[in-house]
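What follows draws every value from the coordinates through simple rules; no lab data is involved. In this text, all values refer to a predicted model and were calculated from it rather than measured experimentally. For neighbour counting, all protein chains shown are included, and Cβ atoms are generated from backbone atoms with ideal geometry for every residue, glycine included.
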Amino acid sequence: MAVTISKLMENGRAYFCRWHSQEDLFDSLAEDLLAEGYVKDTFKQALKEREAKYPTGIVCNKYNIALPHVDSEHVQKDALIVAVLDEPIGFHRMDKLEEIIEVQVVFMLLIEGVSNHIQAIANLTSLWLDDGFMDELLKATDKERIVELVKKHEKRTIA
Amino acid sequence: MKTVIIACGSGIATSTMISMRVEEILNQNQIPHEIIQCSINEIDSYEDRGDVIVSSTQLQGEYSIPTVMGIGFISGIGAEEAERQLVEILKK
């Protein structure tokens, strides 16, 4: 059965924090996700290498986002990880590698098996295209609220 | 029949996001097509069969077929322009 984004978020984690750099963010997320059984111990290194080679900063309508991710071999559990940054941090742009943008929200999709997630991966873009969702996301203070927002968004967008 | 190569770093994540949108656009414009989704490194091996490459990241190499920056299909910004380019290339 196809997995929904809200299900991936329910299985996932949310972080609300102030990090000083991308390195700092990746270190703390990777360590926590490893401790919580979401990823393998190869994840941190893979994440950093991937981001260095294929940066994931994206300029969006209201808030810039980043989509750091790794191949499924480093992942233990399917989940959506969201980090709402108190202070934006720099990411290189996916489409203009030399340029650094200030990112406010990080969406990290952990996918262990791709086949039944195609629709969820494709639908993910509709989250940040929805300004109303993003406004509320930046005000959220816990994961439950984000799950609720994703469910509302799904009701609006999936006819 | 047109062949669209859709590429990203892994050939899985952002290329899937772009594929769905490209599929919709080509159907709306009634352009018969097949989509090859791959990683940036694999483009070389599919290039001969393709009519256009749509990528989510800045391409470093030189290719013999036209390329379209597909980030707009993910970010929403510049999506119309990318759509216009894609359709123009494939309607030739």
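Note on A:Leu34 and A:Asp142: with the Förster distance fixed at 22 Å, the Cβ-Cβ geometry gives a FRET efficiency of about 0.50. Kirkwood analysis of segment B:2-91, using all unique Cα-Cα pairs, places the hydrodynamic radius at 12.6 Å. Applying 0.36 nm per residue to the separation of A:Glu112 and A:Glu99 and subtracting their alpha-carbon distance, the gain on full extension is 1.6 nm.
Would you kindly derive the ³J(HN,Hα) couplings of segment B:43-56 from the backbone phi angles with the Karplus curve 6.51 cos²θ - 1.76 cosθ + 1.60 (θ = phi - 60°), listing them in order in whole Hz, with x for Gly and Pro? Per-residue couplings from phi come out as 3, 3, 7, 10, 3, 4, 8, x, 9, 7, 10, 10, 10, 8 Hz. DSSP beta bridges confined to the protein assembly as shown are antiparallel in about 35 percent of cases. Of the GluC sites (Glu not before Pro) in segment A:57-139, the ones in a loop by DSSP (not H, G, I, E or B) with at most 16 other beta carbons within 10 Å are A:Glu98, A:Glu99, A:Glu112. For the residues of A:94-101, the average number of beta carbons from a partner chain within 10 Å of their own beta carbon is 4. Averaged over the residues of peptide B:5-18, the number of Cβ atoms from other protein chains lying within 10 Å of each residue's Cβ is 5.
Our coupling estimate for segment A:67-72, obtained by passing each phi through the Karplus curve with A = 6.51, B = -1.76, C = 1.60 and θ = phi - 60°, is 10, x, 7, 9, 5, 4 Hz, Gly and Pro reported as x. The distance between label points at A:Phe16 and A:Ser72 comes to 3.4 nm (points 7 Å beyond Cα on the Cα→Cβ vector). Comparing Cα centroids, segment A:28-73 and segment B:41-92 end up 25 angstrom apart. If you build a Gaussian network model of chain B, linking Cα atoms that sit under 10 Å apart, which residue out of B:Thr67, B:Thr57, B:Thr14 swings the most? Looking only at B:Thr67, B:Thr57, B:Thr14, the biggest GNM fluctuation is shown by B:Thr57.
For the residues of B:75-81, the average number of beta carbons from a partner chain within 10 Å of their own beta carbon is 4. Compactness check for chain A: Cα Rg over 2.2 N^0.38 Å is 0.97.
Here the contact order of segment B:2-91, divided by its residue count and restricted to Cα pairs under 8 Å and six or more residues apart, works out to 33 percent.
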